[in-house]
1. Taking 1 over the mean of 1/r across every pair of different Cα atoms in the chain, what Kirkwood radius in Å do you get?
2. Eight or more residues apart or on different chains, and alpha-carbon atoms under 24 Å: count the Lys pairs in the chain matching that.
3. Based on the Cβ-Cβ distance of LEU121 and ILE12, what FRET efficiency does E = 1/(1 + (r/R0)^6) give at R0 = 22 Å, to the nearest 0.05?
4. Thinking of the stretch 71-145 as a set of Cα atoms, what percent of all their pairs are more than 22 Å apart?
5. Expressed as a whole percentage, what fraction of the accessible surface of the stretch 13-90 belongs to carbon and sulfur atoms when a 1.4 Å probe is rolled over the protein heavy atoms?
6. In a Debye calculation with equal point scatterers on the alpha-carbon sites of the stretch 13-90 and no solvent, what is log10 I(q)/I(0) at q = 0.21, 0.26 Å⁻¹?
7. Using only helices, what value at 222 nm comes out for the chain when you add -39,500 (n - 2.57) per DSSP H run of length 4 or more and divide by the total residues, to the nearest 500 deg cm²/dmol?
8. Could you calculate the contour length gain from LYS99 to LEU218, that is, 0.36 nm times the residue separation minus the distance between their Cα atoms, to one decimal place in nm?
Amino acid sequence: MHLSLASLAKPILYGYFRSSCSWRVRIAFALKGIEYDQIAVNLIQDGGQQHTQQFESINPMKQVPAVKIDGITLCQSLAVIQYIDETRPGPRLLPAEPKTRAQVRMISDLIASGIQPVQNLAVLQKKGSEKEQWAQHFINQGFQALEPILKETAGKYCVGDEISMADTCLVPQVYNAERFNVDMEQFPTIKRLNQTLLEMEAFKVSHPSRQPDTPPELRA
């Protein structure tokens, strides 16, 4: 089989240690056993490095993550995860069975589209001193919807007993919830799944406390 030079090169992840969207991709790479290089895009420093012309040429939305892989650039975390699932060996992150696959996508989209965007950095910077109250409100609202869904779909993981893209979305969102002091006792299924997943090596090595751009005071 002929392999292009692009397909032989390591993927490059442009991300930020505490970006939940970047973390999703790091988890997926770890689960698949994919080696990759990281280029840090500091969302705070110098007014946000995502706003530079250099990064805008990589992702016109000026958001992380962006991934260069196989000669293309992908700029949405779920698109990246689905692409590597379709092109790389390793555990399936999207189940083969259509109904189960739809459940994985539903949970992933609920988090990635319904919860995370309204409490990401760009939004919170507009809320000023009200940012924690704002984040708590929308995370609570989202988790109140997610908890009963997971009660129906979960086994050991978000959907049954196989790891999936839904799990890569859940853990970073719980991390954000804890940062903003959301009471996780309200959501026992979410809390249980998060605790189980955090014991897995893929979730440990990809954690925000263990990234090349993690500030020394936040390293674990």
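1. Working: mean 1/r = 0.0559 Å⁻¹.
17.9 Å is the Kirkwood radius here.
2. So the count works out to 19.
3. On the way: r = 22 Å, r/R0 = 0.99.
With R0 = 22 Å, the Cβ-Cβ based efficiency is 0.50.
4. Working: 1142 of 2775 pairs.
Within the stretch 71-145, distances greater than 22 Å cover 41 percent of Cα pairs.
5. In the stretch 13-90, the share of accessible area belonging to carbon and sulfur is 48 percent.
6. Debye output, listed in q order: -0.89, -1.29.
7. On the way: 10 runs with 104 residues, N = 220.
For the chain, the value works out to -14000 deg cm²/dmol.
8. Working: separation 119, 0.36 × 119 = 42.84 nm, distance 4.03 nm.
Difference between extended and current length: 38.8 nm.
The values are calculated or read from the model by the stated rules, or taken from the named source; none is laboratory data. None of these values were measured; they are calculated from a predicted model. In this analysis, Cβ positions are derived from the backbone assuming ideal geometry, glycine residues included, and neighbour counts consider all displayed protein chains. These accessible areas exclude ligands, DNA and RNA; they are computed on the full protein's heavy atoms, side chains included. Shrake-Rupley method; radii C 1.70, N 1.55, O 1.52, S 1.80 Å.
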